[in-house]
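The values are calculated or read from the model by the stated rules, or taken from the named source; none is laboratory data. Keep in mind the model is a prediction, meaning the values are calculated, not measured. Glycine gets a Cβ as well: all are built from the backbone with ideal geometry, and neighbour counts include every protein chain shown. Ligands, DNA and RNA are excluded from the accessible area calculation, which covers all protein heavy atoms including side chains. Shrake-Rupley method; radii C 1.70, N 1.55, O 1.52, S 1.80 Å.
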Amino acid sequence: MSRGVLVNLTKCIGCGSCTVACKMYNGNQWINERAATNGEDAKLADENWTVIQKFRVPQTAAGMDTGANKRNVSNVSNVSNVSEEHNESKNLNHTNKADRTHGEVWRFVKRQCMHCKEPGCVSSCFAKAFQKTEEGPVIYYPNNCVGCRYCMLACPFKIPKFEWDKTIPVITKCVMCSNRIAKGQQPACVSVCPTNVMKFGDRNSLLAEAKELVSKDKRYVQHIYGEEEAGGTSWIYVSDTPFEQLGFKMDIPKKPIPSYTSTYMHSTPIVGAVWALILTGLYFFTKRKELVKTKTAENKDSETIE
Amino acid sequence: MDFNIEFKKWFIRISYDHWSFRITPLRFFLILLSLLTAVVLVYRFAFGLQSVSNLNDQWPWGLWKGWAVFAGAALAGGGYGTTFLVHILHIERLKLISHRTLLISLLGYTLMLVGLFTEIGRWFNFWRPYISWGHESALFEVFWCVSLYFIIQVLELGEIVTEKVFRQIHWFFVRFFPVFAVIGVMLPTLHQSSLGAIYLMTDGRLHPLWWSPLIFLFFLLSSLFVGPAMLVMESVLVGFAFGHKTPNDVLKILARIGGGMMILYLALKIGDLVVHNETGLLFEGSFESYAFIAEHLFGIVIPILIVFSPLINYRGWIITYGFLTSVGVFANRMNVVITGMIRDAGVIYYPTLCEVIISFGLVSTVLLIYLFLCENFNILLKNNDSCNPNTADGKPHGIAEK
Ligand code: SF4
Ligand code: SF4
Ligand code: SF4
């Protein structure tokens, strides 16, 4: 049974507990100086397998009045925001009304590996360092990895990261806490979320649930991100704000990434064999012709080369 | 058996037994660059990729992949095209260049393998794909074909080398040469196209001017038509270094064959853009569109015009053709690896000085090895004379066979 996670972005208040849980469970460092884990500049990195990215979107774009745009909700970036608000009101005198940021709400997006059903990273790896397990997680075996970084190029979501500063580096990414899943537990990040943004379960039933949710409540964007992207992913998202405004890549091919090369790879052995046969044929054919030609040339003794 | 250093006005000749090597000012510079590269390499292996390069999570592949792996393999590709013409189709007239193209190709692949080894993060694991088969990956095919082809090339070269040393096993190489030739054409055909197939998966990431479901075919064709052009470049080099002249008619035959393939290539490229409705991208005025137009105008269109006009009868124009085509294919690989990914990465990549030093340094080392081998082995075959050790102006430059 293939597991998955349904992420309901409308419930996320940006507290960042999941990122803490991920770091603690997987033993990753805090590297805020070079890559923040929470906030507007948050980005995935070798030590950041998951991040919470903050977006400011126009109220008109957001379908719901969620907890996230109530500014008194306790969250990590709250403190800095109070002063921002203060600045904003001061600046009001200098800017015209159109520039005012009042009709703005916040949205938070949890990012991590999507655990594609047919992952590009797995089929791109020529050493089988990435493998998809039965339960759904796509995991990494550093012992096989050559460090060529083709996986970073092949992942349509740009998930795999690399330890550029290490003498002996590895590729890193969220592994969906595969050890916990094997023990029948939820991924660490899912289990700590105070507002139940994420739901862990069978991918297909989660998809059905998401469809029902979205079709019943028109305030949701009528798109389930991950249903078809890259041929379908184990992690799927629903949102009340258009995904393109939340930093989601929208031009992801609908067909599974491995299918781009599978025909090519399957025909190679045959093409190679046929080509070798043709070459051998040509070799003997032209060799004979050449012999005949040299004989005639010797007889006539006329052919001269410069 | 004696070691000897002669000081001449313009060069130093070092000789030992029957080996000899001249050190001219240019070669001295190449040696310096190679040594500098060795130092940078030690640093890279001690402190990791970030210490010497601008590669990062946005730019997992940069100058080294483009230069050593993609461009290097393409430019070295001339070898198998000539092997096909000379040893499979038995076109006798071209035989006198076969040793040279073989050697350029072998050295090009050496460059590629060393470059790759430098650039992969977990180099001590380089052998993993031999036992852990990720056979769905185009890179897997490249890896296997390149390693096997490397061995085949060494065996092909064995025929030349055993003319001078280990003569007792020369018969073996002569006897099995046809087998090497067939495999030695098949493997590179596969891997040149696989290098292109690597990028099939980057649909939506690589700029659509370069991404195409036919990208593997483009890589294959360009690796073939760049062969004659590289030979022209190399004949300029040996002409300069040894006064050895490659007959114009040989270069012309090859340039015409290459030119034919370039027309096919151009037609397919245009067809590909039309079918995918991407001709508009050519005029979007972006950096990518200019790079694409320049690549095809200077690297394909002008060379075709030269080859199929009377201009090809002039040596200067042949050289222009060779230069433009080689640079064009080089630019194509760089555009795929770097220019075409700028849009997707969202930030610009520029290589560090160390990346540039290593790139040029590896080429310098390869050039030095090439010059050494030319001076000491029977590489520069003269017209219809397979074992003439002398250069065109009659000065001996090596002892091929006594
Ligand atoms: S999102 Fe990327 S890294 Fe994750 S499984 Fe898919 S292809 Fe692999
Ligand atoms: S970097 Fe490692 S995991 Fe990624 S494709 Fe290369 S060998 Fe496979
Ligand atoms: S599933 Fe596990 S590894 Fe992945 S983001 Fe959540 S806690 Fe981290």
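Structure above, values below:
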| quantity | calculated |
| --- | --- |
| Subset of the range B:43-89 (residues that are at the interface with chain A (Cβ under 8 Å from one of its Cβ atoms) and among the aliphatic types (A, V, I, L, M)) | B:46, B:49, B:55, B:88, B:89 |
| Residues (away from chain B (no Cβ under 14 Å) and either within 16 Å of ligand 2 (Cβ to nearest atom) or more than 14 Å from the chain's Cα centre (by Cα) (or both)) located in the range A:114-126 | A:115 |
| Residue that is farthest from the chain's Cα centre (by Cα), among those in the range A:25-68 that are among the acidic types (Asp, Glu) and surrounded by fewer than 23 Cβ atoms within 10 Å (Cβ to Cβ) | A:65 |
| Top-ranked residue in the range B:318-351 [being within 14 Å of residue B:65 (Cα to Cα) and not in a helix (DSSP H, G or I); ranked as most open to solvent (accessible area, probe 1.4 Å)] | B:350 |
| Matching option when the condition is open to solvent by 10 Å² or more (accessible area, probe 1.4 Å) and either under 22 Å from residue A:55 (Cβ atoms) or in the same structural domain as residue A:112 (by TED's automatic domain parsing) (or both), among A:153, A:213 | A:213 |
| The one condition in (1) open to solvent by 70 Å² or more (accessible area, probe 1.4 Å); (2) within 16 Å of ligand 3 (Cβ to nearest atom) that residue A:226 fails to fulfil | (1) |
| Search result, residues across the range B:352-370 that are open to solvent by 10 Å² or more (accessible area, probe 1.4 Å) and among the aliphatic types (A, V, I, L, M) | B:353, B:356, B:357, B:362, B:363, B:366, B:367, B:368, B:369 |
| When residues of the range A:138-151 are limited to those that are in contact (Cβ under 8 Å) with a residue 24 or more places away in the chain and either under 17 Å from residue A:255 (Cα atoms) or within 7 Å of another protein chain (Cβ to nearest Cβ) (or both), the one nearest to ligand 3 (Cβ to nearest atom) | A:145 |
| Filter result for the condition that a residue is under 19 Å from residue B:292 (Cα atoms), touching a residue at least 40 places away in the same chain (Cβ under 8 Å) and in a helix (DSSP H, G or I), over B:253, B:198, B:263 | B:263 |
| Within the range B:164-180, tally of residues that are under 26 Å from residue B:77 (Cβ atoms), surrounded by 14 or more Cβ atoms within 10 Å (Cβ to Cβ) and out of contact with any Leu (no Cβ under 8 Å at 6 or more places or on another chain) | 2 |
| Residue list for the range A:54-80, restricted to those being modelled with pLDDT of 80 or more and touching a helix residue (DSSP H, G or I) at 6+ places or on another chain (Cβ under 8 Å) | A:55, A:57, A:59, A:61, A:62 |
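Conditions (1) crowded, with 19+ Cβ neighbours inside 10 Å; (2) within 14 Å of chain B (Cβ to nearest Cβ); (3) within 16 Å of ligand 1 (Cβ to nearest atom), marked per residue:
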position	(1), (2), (3)
A:162	yes, yes, yes
A:167	no, yes, no
A:175	yes, no, yes
A:196	no, no, no
